[in-house]
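All of the numbers you see were taken from the coordinates with simple rules; none came from a lab. Being a predicted model, the structure only gives us computed values, none of them experimental. Neighbour counts run over all protein chains shown; Cβ positions are idealised from the backbone, glycine included.
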Amino acid sequence: MSSFDRIRNRLARDTHSGWFGGVCAGFGRTLSIDPKFLRAGLVILAVLSPKIVVAAYLVAWILLPAQNEIDHTA
């Protein structure tokens, strides 16, 4: 199993410690990065191109399962 497959299998929204849907918290947990840095980068990008960032965030919110929806037994 490649490292991409392992990340894809672990990637989920962190609804417990997330702010707006848990997308940044989920990416931060998966990539071992503090979600504050991801949120700050997201805000900076949103100032530069708000439509793209909002659309990407909404797509991630819709497509990523919530952390409690993932079956960890597999």
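Structure above, values below:
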read-out	value
Largest-first ellipsoid semi-axes for the range 18-58, taking √(5λ) over the Cα gyration tensor eigenvalues, angstrom	18, 11, 7
Per-peptide average of other Cβ atoms within 10 Å, ordering 40-51, 20-31 highest first	20-31, 40-51
